[in-house]
1. Just to confirm the filter: which chymotrypsin sites (Phe, Trp or Tyr not before Pro) across region 11-110 are DSSP coil and have at most 10 other Cβ within 10 angstrom of their Cβ?
2. Between the DSSP loop rule and a limit of at most 13 other Cβ atoms within 10 Å, which trypsin sites (Lys or Arg not before Pro) in region 1-96 are left?
3. Return the whole-Å distance between the Cα centroid of region 64-140 and the Cα centroid of region 10-39.
4. Please sort by residue number the GluC sites (Glu not before Pro) in region 1-72 whose DSSP state is loop and whose Cβ has at most 13 other Cβ atoms within 10 Å.
5. Would you work out which of 61, 101, 50 lies farthest towards the positive end of the dipole of the chain, given +1 charges on the beta-carbon of Lys and Arg and -1 on that of Asp and Glu, about the Cα centre?
6. Taking the Cβ of residue 107 as the centre, find all other residues whose Cβ is under 12 Å away and add up their charges (Lys, Arg: +1; Asp, Glu: -1).
7. For every other residue with a beta carbon closer than 12 angstrom to the beta carbon of residue 43, add +1 if it is Lys or Arg and -1 if Asp or Glu, then tell me the sum.
8. For the chain, treating each Cα as an identical point scatterer without solvent, what Debye log10 I(q)/I(0) comes out at q = 0.13, 0.20, 0.22 1/Å?
Amino acid sequence: MEKNLDNLKQQFQLEDRDLRTYSPLTLAYIGDGVYELIIRTILVKRGNCPVNQLHKKASSLVKASAQSAMIEKIEPVLTEEEHGVYKRGRNAHSGTMAKHATMSDYRRATGFEALVGYLYLKEDFSRILELVKLGLPQEY
């Protein structure tokens, strides 16, 4: 996979847009997918195991409470810009809420996903991985 999105943008004639124009929920939408793909990749690359086991492990790391715990761990190292994106996502009002999540966990998780989406669209993949590694439980 390429280190940036140039090939994707070229193949589909996608233009760069000012990241500040994206709504925080749009950033969270793409960030959710990016974060889940990172988690699934980590789990699969650690070794072949039954899909049911992979799903349980992935679900435990991508649920709102886990993402909320992650942002609490990494918040002290966020730049001012990153913190602003996180707060915009956290404060965005969504019409839905995750099952089995408190409102505060859900909002912090949405802020985390918005940050991941922002960094992804900014093509700062190394920063995403740095933050994910810092925020994951020690066994990962």
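1. Numbers: sites: 12, 22, 29, 35, 86, 106; in loops: 12, 22.
Those that pass, being in a loop and sparsely packed, are 12.
2. 3, 17, 46
3. 14 Å
4. Working: sites: 2, 15, 36, 72; in loops: 2, 15.
Of the GluC sites (Glu not before Pro), the ones in loops of region 1-72 whose Cβ has at most 13 other Cβ atoms within 10 Å are 2, 15.
5. About the Cα centre, the residue reaching furthest to the positive side is 50.
6. Numbers: positive: 87, 88, 90, 108; negative: 105, 113.
Result for the local shell: +2.
7. Spelling it out: positives minus negatives among the neighbours equals +3.
8. Debye output, listed in q order: -0.57, -1.25, -1.41.
Each value in this text was obtained by applying a stated rule to the coordinates, not by laboratory testing. Please read these numbers as outputs of a predicted model, since none were measured by experiment. Methodologically, a virtual Cβ is constructed for each residue, glycine included, from the backbone with ideal geometry; neighbour enumeration extends over all protein chains shown.
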